[in-house]
Amino acid sequence: MNKCLLHILIVSILIFSTCFNLHAEEEQPSGENASNPLAKVRNTDLRYQYFDLEGGADRTIASVEGAFMAQDKLKIIYELHYWETDVTGSTEKDWESFSLRNIYFPAHGEWGSWKYRVAVGVEWILDFDNNDKGIGSGSDQLAPLIGVALSPRPGTTLVPLIQQFWSYSGNDVNTTGPRIIAIQTLPKDYWLRLDGRFPIDWENDNEIPASLEVQLGKHLSKTTALYVDGLFGLGGDRPYDNGVGLALRFKY
């Protein structure tokens, strides 16, 4: 796809989502946190993350991440990433990828004392073809997913989900990605999130580049929040050693 047309497409989607948020109804399910990918919320996050990679290299990622409810049962999540890295031996900067995730909620209810919400969806990942700079995967992908949000008690959410990544152009990708998220509401408008990812890379000797993200956030008001991330690579196939992140969230 022509890069100019690609940029126009992405900007159009971001403008559409912003306008949708500004004109959407005010009501949102009470107590839901946008750090839960299966929450019915509207938000835009501006994030900055730093990663310490093996061999002395590093990577920084600036991103715009947002979500809105297109319908009561259909959520749209979008992400746009810009990287700076020196993995090639010299510092390179460029756009990495744009992704669009459609999540449908076919069922919800209560299982005993636990509340639940079932989700199925598919993610489209568009790579900006900067792999020669050490940026991105060099592949466009489709990634179906299935998951469930569980609430055993007020203020606690558990989200097990699994996503399968397949490339349809560029470098071969075949990765199965189990993921478990736990979110706990804390006093004084704080929250804590643990996000464990354990992808199995079938194209590279079944490696498992596992990681753990520890997020501490605070709701500053009804419309803004701030959070920090501690990022930790796990195991011998870890994608990075460690990292840190900072983000500002706008809630609509």
Starting from the stretch 62-91, keep only residues that are free of Cβ contacts under 8 Å to residues at least 12 places away in the same chain, then list their pairs with residues that are buried (at least 19 other Cβ atoms within 10 Å of the Cβ) and in a strand (DSSP E or B) whose Cβ atoms are within a distance under 9 Å, requiring at least 6 positions of separation or different chains.
THR91/THR85
Going through the stretch 213-252 in order, the residues found to be of a type in the set (A, V, I, L, M, F, W, C) and either surrounded by 17 or more Cβ atoms within 10 Å (Cβ to Cβ) or in a loop (DSSP other than H, G, I, E, B) (or both) are LEU220, ALA225, LEU231, ALA247
Please work out which residue is farthest from ASN36 (Cα to Cα), limiting yourself to the stretch 189-212 and to residues that are in a strand (DSSP E or B) and out of contact with any Gly (no Cβ under 9 Å at 6 or more places or on another chain).
ASP201
Would you be able to say whether some residue in the stretch 201-208 is more than 19 Å from TYR50 (Cα to Cα), under 17 Å from the mean Cα position of the chain (by Cα) and of a type outside the set (Ser, Thr, Tyr)?
no
Out of (1) surrounded by 16 or more Cβ atoms within 10 Å (Cβ to Cβ); (2) touching an Asp or Glu at 6+ places or on another chain (Cβ under 8 Å); (3) not β-branched (Val, Ile, Thr), the one GLY170 does not meet is (1)
Looking at PRO144, PRO160, which is the one that is within 21 Å of PHE198 (Cβ to Cβ), out of contact with any helix residue (DSSP H, G or I) (no Cβ under 6 Å at 6 or more places or on another chain), surrounded by fewer than 14 Cβ atoms within 10 Å (Cβ to Cβ) and not small (Gly, Ala, Ser)?
PRO144
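Rule-based calculations on the coordinates, nothing more; no lab input. Since we're looking at a predicted model, the values are computed, not measured. Cβ sites come from the backbone with ideal geometry, for glycine too, and all protein chains shown count toward neighbours.
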